[in-house]
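Remarks on the structure that follows.
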Amino acid sequence: CYLEINPGLTPEICGPLVTDDFLEYLAPSADCLLAAAGGDPRPIFACLGCTQQIGECNVEEKICDPEKSVIRNLCADVCYTPAQQACESAIQTGLLCVTSSPVAVDDAGIIYGGLDFGPDYECS
């Protein structure tokens, strides 16, 4: 929810989202993707949007296993280009943090979170 990426967002909207966990575990992936794209924010939304297809089963495997990684496979064209490969660890950390968050159900009935990869959210 970076204001410089999307000037239409206001601090009133973003404020509750910018927690310490967001800044520590999620923001680095967006920062890295932004830098890899030379300041173009579109790859952030493309990559992180694609990774939402991770599903509920074998989450750690789909984030950390190079052979089954959603980053290197399903979303490779938007998350693992040569310029973005240096961002893999930051993206993994963000995904592990998001999937470890408290269980939440979105409007489409998709369940997120409920696992525990903390406190460092790093692939082992």
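The values are calculated or read from the model by the stated rules, or taken from the named source; none is laboratory data. Since this is a predicted model, take the numbers as computed values, not measurements. Every residue, glycine as well, gets a Cβ built from its backbone with ideal geometry; the counts of neighbours run over all protein chains shown. Keep in mind that these areas ignore ligands, DNA and RNA; they rest on the heavy atoms of the full protein, side chains included. Shrake-Rupley method; radii C 1.70, N 1.55, O 1.52, S 1.80 Å.
Looking at ASP77, ASP20, which is the one that is open to solvent by 40 Å² or more (accessible area, probe 1.4 Å) and modelled with pLDDT under 85?
Values: ASP77 fails: modelled with pLDDT under 85.
Residue meeting the stated conditions: ASP20.
In the stretch 80-96, how many are of a type in the set (A, V, I, L, M) and surrounded by fewer than 21 Cβ atoms within 10 Å (Cβ to Cβ)?
So the first thing to find is which residues in the stretch 80-96 are of a type in the set (A, V, I, L, M), and the list is 83, 86, 90-91, 95-96.
From what's left, surrounded by fewer than 21 Cβ atoms within 10 Å (Cβ to Cβ): 83, 86, 90.
Residues that pass the stated criteria total 3.
Between GLY39, GLY113, GLY55, GLY109, which is on the phi > 0 side of the Ramachandran plot and at pLDDT 85 or above?
Numbers: GLY113 fails: at pLDDT 85 or above; GLY55 fails: at pLDDT 85 or above; GLY109 fails: at pLDDT 85 or above.
Result of the check over GLY39, GLY113, GLY55, GLY109: GLY39.
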Problem set entry | Test for THR99: is it at pLDDT 85 or above, open to solvent by less than 70 Å² (accessible area, probe 1.4 Å) and of a type in the set (S, T, N, Q) | no
Problem set entry | Candidate set from the stretch 47-72 (those that are open to solvent by 50 Å² or more (accessible area, probe 1.4 Å) and among the acidic types (Asp, Glu)); member that is farthest from THR99 (Cα to Cα) | GLU67
